[in-house]
Amino acid sequence: MAIKIHAFVFLGLVLSLISVASAISGTATYYTVYTPSACYGFQDQGVMIAAASDALYENGAACGRMYKVRCTGPTNAGVPQPCRGEVTVKIVDRCPSPGCQSTIDLSQEAFNIIADPAAGKINIDYTQELAVFQSKTSTSACYGNQGQGVMIAAASDAFWNGGAACGKFYTVRCTGDHTGVTHPCTGASVTVKIVDHCPGCSSQLDLSREAFAKIANPVAGIIDIEYNQEA
């Protein structure tokens, strides 16, 4: 019997990023304590990270999304010319209302790349970016550096079972939108092999981009699915 869960594009690969929407205006502040985070608990996600305001957070759907953020100007007269450039960050946390004072709360390191931290708060443009699979894969938890093709997936903690999921095959079909993208499903199904672990994953299966694109519009990022384990 098919089981209904969620899936998103496999990020455990060597990636490039492309913008998927026009720039949106907002504001940015910064924070300095990165763990625990709402998305990943105590797992270290580096420092090019950010917390999403409630408008972006979408009850956790924003976790793992990448945004390119560019400083566009000051929000106060204290630092009249704060801007330095742009940076790409990963959403790892929530910046809840009413305390949150900005659209995106950047790590101090990320903020420092695009603006003078003395400004505290700045005007920004931001665009969501889409992960795109490249031909070279990173080391996988199941097979190390051995290539396993591109019809592959990483298993969430619930699936992983101490590595017992390695090598299992699942047929996956998109059943609907999970993030607001209208009609993301292609109507096709795809069979994938579990080759990696996706610890702290916000979905049950983290598909390669090629596998995801077979069943849904990659812009959706995360979708509702049904799956069956193959014998």
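Quick notes on this one:
- Failed item, numbered, when Ala62 is tested on (1) out of contact with any helix residue (DSSP H, G or I) (no Cβ under 7 Å at 6 or more places or on another chain); (2) among the hydrophobic types (A, V, I, L, M, F, W, C); (3) modelled with pLDDT of 85 or more; (4) in a loop (DSSP other than H, G, I, E, B): (1)
- None of Pro74, Pro82 is crowded, with 22+ Cβ neighbours inside 10 Å and not aromatic (Phe, Trp, Tyr) except Pro82.
- The set of residues in the stretch 51-68 that are without any contact (Cβ under 8 Å) to a residue 40 or more places away in the chain and closer than 14 Å to Gly99 by Cβ contains only Tyr57.
- Of the residues Gly73, Gly78, Gly99, the single one that is in a strand (DSSP E or B), over 27 Å from Tyr227 (Cβ atoms) and not acidic (Asp, Glu) is Gly73.
- Val47 vs. criteria at pLDDT below 90 and under 15 Å from Thr127 (Cβ atoms): no
- Among the residues here, Leu56 qualifies as out of contact with any Cys (no Cβ under 7 Å at 6 or more places or on another chain) and within 30 Å of Lys214 (Cα to Cα).
The values are calculated or read from the model by the stated rules, or taken from the named source; none is laboratory data. Quick caveat: nothing in here was measured; it's all calculated off a predicted structure. Cβ atoms come from the backbone with ideal geometry, glycine included; neighbour counts cover every protein chain shown.
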